[in-house]
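For reference, the structure I am asking about is given below.
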Amino acid sequence: MVNESPIYSKTYDLLLWLLPQAIKFPRAYRFTLAERVQRRALDFQETLLAAGLANGALRAEKLREADLQLAQLRHTLRLCQDLKLLTLAQYEHAGGMVNEIGRLLGGWLKKV
């Protein structure tokens, strides 16, 4: 199952775009919000991979955990945009990627 679904490549694309953006945050936010954004995005990817390798109830549990992590990432990105750490265009781009991943994750959750 791992790497068969487009959710893995979409998540990887999000990480490729998002991690360098977070590094550019001002020093005052680099060790708080930048680190939080990076950690949440990476934790989401790890949980998603664990779900792909799990079976049954454990898979469902990991997918629900990933869903929570994606929601947390979404809210953290909104805070970053409100604090002007991301431009509106950057926020819209990230939001579109996160929404697409969320749709794929929702479909997977329904399937499980």
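List the number of the failed condition for Ile23; all other conditions in (1) in contact with a Lys or Arg (Cβ under 9 Å, 6 or more places away or on another chain); (2) among the aliphatic types (A, V, I, L, M); (3) within 18 Å of Lys111 (Cα to Cα); (4) loosely packed, with under 15 Cβ neighbours inside 10 Å hold.
Among (1) in contact with a Lys or Arg (Cβ under 9 Å, 6 or more places away or on another chain); (2) among the aliphatic types (A, V, I, L, M); (3) within 18 Å of Lys111 (Cα to Cα); (4) loosely packed, with under 15 Cβ neighbours inside 10 Å, Ile23 violates only (3).
Please go through the stretch 76-104 and give me each residue that is free of Cβ contacts under 8 Å to residues at least 60 places away in the same chain and of a type in the set (A, V, I, L, M), ordered by number.
Leu77, Leu79, Leu83, Leu88, Ala89
Of all residues in the stretch 55-99, how many are farther than 15 Å from Asp43 by Cα, charged (D, E, K, R) and in contact with a helix residue (DSSP H, G or I) (Cβ under 6 Å, 6 or more places away or on another chain)?
The total comes to 1.
Here's another thing I want to ask about it. Can you name the residue in the stretch 77-94 that is of a type outside the set (Lys, Arg) and surrounded by fewer than 16 Cβ atoms within 10 Å (Cβ to Cβ) and, of all such residues, is nearest to Thr11 (Cα to Cα)?
At the first step, the residues of the stretch 77-94 found to be of a type outside the set (Lys, Arg) are 77, 79-83, 85-94.
Still in the running and surrounded by fewer than 16 Cβ atoms within 10 Å (Cβ to Cβ): 79, 82-83, 87-89, 92.
Values: Leu79: 20, Asp82: 23, Leu83: 24, Thr87: 21, Leu88: 21, Ala89: 19, Glu92: 16 Å.
Checking each candidate, the answer is Glu92.
Where a number appears in this text, it was derived from the coordinates with a stated rule and is not lab data. Keep in mind that this is a model prediction, so the values were computed, not measured. So basically every Cβ, Gly included, is an ideal-geometry build from the backbone, and we count neighbours across all protein chains shown.
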